[in-house]
Amino acid sequence: MRILLYNPDNGVTRNFMPHLWMFLLQALTPAGHEVLLIDGNAQPMDETQIAQYVLDQNIGLVGIGAMTRMIAKAYRIADAIRAVGVPVVMGGPHVTEMADEALGRDGGPRHADAVALGEADETWPRIVDDVVRGQLKDIYTPVDETGKERKPSLKDYPVIPWQDIDLDQFNLVPKLATSMLQKVGEGWGTFRIVPVESGRGCPYGCEFCTVTGFFGDSIRFRTNESVVNELLLLKKRARSEKGQMAVFFIDDNFAINVKRTKSLLRDIIAAGAQVHWVAQISANLLRDEELVDLIAASGGKWIFIGMESIDPANLKDVNKGFNKPGEYAAVLERLAKRNVYAITSFIFGMDNDTTGVAERTLEQVRTWPPGLPIFGLLTPLPATPLYKRLEAAGRLTRPKHWQEFIPFAMAHTPLKMTIEEAHAEVNYGWSHSYSPEALEQAVDSLDDQPLGYRINIFLARVCFRGIYFPMMGRLAWVRVIAENRRTIFKLVKEAVFGRRSRPRNPDLERPCGDVVTPEVPGEASA
Ligand code: B12
Ligand code: SF4
């Protein structure tokens, strides 16, 4: 049977990275089937096109995975595929919590023939077999023989055959530039950011987060050997096509068990399996100097930190009191000293937020080493403690906000400002962090660093800008380049003519006084 795994586009930004679930389920599919992958972010298709594709390719089963924000699109695609007679199975965090909605048991239309609840590593092969036998059930639950929920162990993690997977749709290098860039350095003909997981689960239970409920508070890890082998495979593929691979460790909290993370990073270094990587780590775990040393030595470049707020009262409200705003600056300095930078994520519209929260936050951000601040609104995702609290308090203004997804729009009333004021705060955060002046300032603040780092921060900022200000078409890119011409000119001038003064950062000088070769820019689009 031919199976299609499809991930809908998010309609806002062109995703920089494919979703892991597709590769994982592909690797877990029983032998004898062919699995095709389409990520709507990389290959946009409307309902008619996807239905035609399914017929043309003689697909016998379609699996669709989606987060809450893409679920409306996922349902429309599923409806179109079912209308041409091909069964659809849906999985992922949204339908796990809202299975009745997907199956049309809540009074609405049915969108899926079957739903896979929770982690589907063990149920997916059963689903495929049931389709072949014509015995597809409505719901697949990961349970053991006694009917008790079972979280898959990651000890026997499947080998994802990265060497064979068609990754063309995920190349971030424009086709026209491929052959020229293959000759640059070790080769930049392709550049891909690949999701890799080393473990699952986070016990912290932040009020707005789906993870603790979905993956459970039981933390599970792959073996170091299996992660290291995967990195080596990715490196080999990148070399063979004269390109680059960066890795996003998608673990919810990559250092949740610091001892284990250190042992993994040591094994990566020992095996020469370093690639440039990004990971999510909560600020409290980055107090450890040795951990940060190992992060840098093993290829860590960007750490995503869910800072959420600079107000301890807000953090306490959402059960994230373990974040200590007083130590954010020290954490970021610790990383920056090793040339590791942070993607700092903030949420506005929290219960203790008042107007001006964006500027108050930016005042602090400006005193930190330059990074990539991102801003969102507190969002009640289904089945989270936050959703239940707001529902009980009658504060949900759009209880089924996912049915009509609007980017950067609140679905409940904040306590100390209006919804419109909260929207204005997010807009302020983005526009003041990603204006041409702010980009120039970020680049200038790294004046004592080699050119590569500054090009890096510039490119990363330009790409991240696209999360809020859509940059889907060529014209939008041209506009961004034009607006930032001063900074681009400065960087190009330095690349061509060099700089008179030597870098001031002694860590970056070799004993002979040479500057460490700047990194080729580009790995930082995460
Ligand atoms: C990596 C990641 C990202 C990446 C990008 C996504 C990507 N390309 O991978 C980045 C950092 C960009 C990101 C951004 C966002 N993310 Co995110 N992200 C994750 C994260 C940490 C890992 C995803 C992952 O690969 N997990 C590992 C795989 C194996 O798990 P899985 O995807 O759930 O798949 C398993 C099952 O769900 C099931 N399954 C999934 N799909 C399917 C399909 C079929 C057919 C079947 C049978 C089974 C099945 O089987 C899989 C194997 O067991 C998750 C948290 C988490 N641990 O999952 C959050 C998570 C998915 N993100 C979340 C959110 C909210 C966001 C943002 C909206 C945040 C924001 N406010 O901006 C944005 C939106 C991005 C967008 N594109 O629109 C929420 C989604 C909750 C929800 N109900 O929708 C999660 C769960 C985290 C949370 N805080 O609750 N994210
Ligand atoms: S630390 Fe991160 S992953 Fe863990 S519960 Fe909180 S927000 Fe979710």
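Figures for the structure shown
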{"quantity": "Candidate set: the stretch 421-436, residues that are of a type in the set (Phe, Trp, Tyr) and assigned to a helix (DSSP H, G or I); chosen: the one least open to solvent (accessible area, probe 1.4 Å)", "calculated": "Trp430"}
{"quantity": "Subset tally (residues that are farther than 16 Å from Gly201 by Cα and assigned to a helix (DSSP H, G or I)) for the stretch 238-258", "calculated": "3"}
{"quantity": "Conditions (1) free of Cβ contacts under 8 Å to residues at least 24 places away in the same chain; (2) among the aliphatic types (A, V, I, L, M); (3) over 28 Å from Leu439 (Cα atoms); (4) open to solvent by 40 Å² or more (accessible area, probe 1.4 Å); number of the one not met by Ala383", "calculated": "(1)"}
{"quantity": "Neighbours by Cβ (under 7 Å, 6+ apart or cross-chain): first from the stretch 448-465, polar (S, T, N, Q); second not in a helix (DSSP H, G or I)", "calculated": "Gln449/Pro503; Gln449/Asn505; Asn456/Glu519; Asn456/Pro521"}
{"quantity": "Per-region count, the stretch 172-197, residues within 11 Å of ligand 1 (Cβ to nearest atom) and either under 16 Å from Ala255 (Cα atoms) or of a type in the set (A, V, I, L, M) (or both)", "calculated": "4"}
{"quantity": "Criterion (out of contact with any helix residue (DSSP H, G or I) (no Cβ under 9 Å at 6 or more places or on another chain) and surrounded by fewer than 19 Cβ atoms within 10 Å (Cβ to Cβ)) met by exactly one of Ser263, Ser218", "calculated": "Ser218"}
{"quantity": "Hits in the stretch 249-260 - residues which are more than 18 Å from Ser345 (Cα to Cα) and either in contact with a Cys (Cβ under 8 Å, 6 or more places away or on another chain) or open to solvent by less than 40 Å² (accessible area, probe 1.4 Å) (or both)", "calculated": "Ile256, Val258, Arg260"}
{"quantity": "Test: Pro450 is in contact with a helix residue (DSSP H, G or I) (Cβ under 9 Å, 6 or more places away or on another chain) and crowded, with 17+ Cβ neighbours inside 10 Å", "calculated": "yes"}
{"quantity": "Inter-residue pairs, beta-carbon under 9 Å, first touching a residue at least 40 places away in the same chain (Cβ under 8 Å) and in the stretch 358-375, second of a type in the set (Phe, Trp, Tyr) and surrounded by fewer than 18 Cβ atoms within 10 Å (Cβ to Cβ), 6+ apart", "calculated": "Phe375/Phe408"}
{"quantity": "Residues of the stretch 130-143 satisfying the condition of being open to solvent by less than 40 Å² (accessible area, probe 1.4 Å) and assigned to a loop (DSSP other than H, G, I, E, B)", "calculated": "Pro142"}
{"quantity": "First in the stretch 202-231 and away from ligand 1 (no atom under 11 Å from the Cβ), second anywhere and hydroxyl-bearing (Ser, Thr, Tyr) and open to solvent by less than 50 Å² (accessible area, probe 1.4 Å), Cβ under 6 Å, 6 or more apart", "calculated": "Gly205/Thr212; Arg222/Tyr157; Arg222/Ser198; Ser226/Tyr157; Val227/Ser198"}
{"quantity": "Unique residue being on the phi < 0 side of the Ramachandran plot, within 13 Å of ligand 2 (Cβ to nearest atom) and of a type in the set (Asp, Glu) when the list is Glu230, Glu207, Glu186", "calculated": "Glu207"}
{"quantity": "Residues within the stretch 455-480 that are small (Gly, Ala, Ser) and within 23 Å of Phe304 (Cβ to Cβ), tallied", "calculated": "2"}
{"quantity": "Of all residues in the stretch 455-488 being among the basic types (Lys, Arg) and over 22 Å from Val426 (Cβ atoms), the one that is surrounded by the most Cβ atoms within 10 Å (Cβ to Cβ)", "calculated": "Arg486"}
{"quantity": "Flag if Phe249 is of a type outside the set (Ser, Thr, Tyr), within 16 Å of ligand 2 (Cβ to nearest atom) and more than 19 Å from Ile269 (Cβ to Cβ)", "calculated": "no"}
{"quantity": "Candidate set: the stretch 437-456, residues that are assigned to a helix (DSSP H, G or I) and farther than 12 Å from Thr487 by Cβ; chosen: the one nearest to the chain's Cα centre (by Cα)", "calculated": "Asn456"}
{"quantity": "Extreme residue, farthest from ligand 1 (Cβ to nearest atom), among residues of the stretch 275-304 that are touching a Lys or Arg at 6+ places or on another chain (Cβ under 9 Å), without any contact (Cβ under 8 Å) to a residue 40 or more places away in the chain and assigned to a loop (DSSP other than H, G, I, E, B)", "calculated": "Asp288"}
{"quantity": "Scan of the stretch 108-129 for residues that are without any contact (Cβ under 8 Å) to a residue 24 or more places away in the chain, open to solvent by 10 Å² or more (accessible area, probe 1.4 Å) and part of a helix (DSSP H, G or I), ordered by number", "calculated": "Arg126"}
{"quantity": "Any hit, the stretch 151-160, residues being within 16 Å of ligand 1 (Cβ to nearest atom), open to solvent by 50 Å² or more (accessible area, probe 1.4 Å), assigned to a helix (DSSP H, G or I) and closer than 30 Å to Ala283 by Cα", "calculated": "no"}
{"quantity": "Any hit, the stretch 356-368, residues being modelled with pLDDT of 95 or more and within 11 Å of ligand 1 (Cβ to nearest atom)", "calculated": "no"}
{"quantity": "Of residues in the stretch 40-86 being part of a strand (DSSP E or B) and closer than 23 Å to Glu404 by Cβ, the one nearest to ligand 1 (Cβ to nearest atom)", "calculated": "Gly65"}
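Conditions tested, residue by residue: (1) open to solvent by 20 Å² or more (accessible area, probe 1.4 Å); (2) without any contact (Cβ under 8 Å) to a residue 24 or more places away in the chain.
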{"site": "Glu34", "(1), (2)": "yes, no"}
{"site": "Gln43", "(1), (2)": "yes, no"}
{"site": "Asp46", "(1), (2)": "yes, yes"}
{"site": "Val54", "(1), (2)": "no, no"}
{"site": "Asn58", "(1), (2)": "yes, no"}
{"site": "Ile64", "(1), (2)": "no, no"}
{"site": "Arg69", "(1), (2)": "yes, no"}
{"site": "Arg76", "(1), (2)": "yes, no"}
{"site": "Ala83", "(1), (2)": "yes, no"}
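To keep it simple, each residue is scored yes or no on (1) assigned to a loop (DSSP other than H, G, I, E, B); (2) buried (at least 18 other Cβ atoms within 10 Å of the Cβ).
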residue	(1), (2)
Leu176	no, no
Ser179	no, no
Gly189	yes, yes
Val194	no, yes
Gly205	yes, no
Glu225	no, no
Glu230	no, yes
Lys235	no, yes
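The values are calculated or read from the model by the stated rules, or taken from the named source; none is laboratory data. What you see is a predicted model; the values in this text were computed from it and never measured. Note that each Cβ is placed from the backbone with ideal geometry, even for glycine, and that neighbours are counted across all protein chains shown. Ligands, DNA and RNA are excluded from the accessible area calculation, which covers all protein heavy atoms including side chains. Shrake-Rupley method; radii C 1.70, N 1.55, O 1.52, S 1.80 Å.
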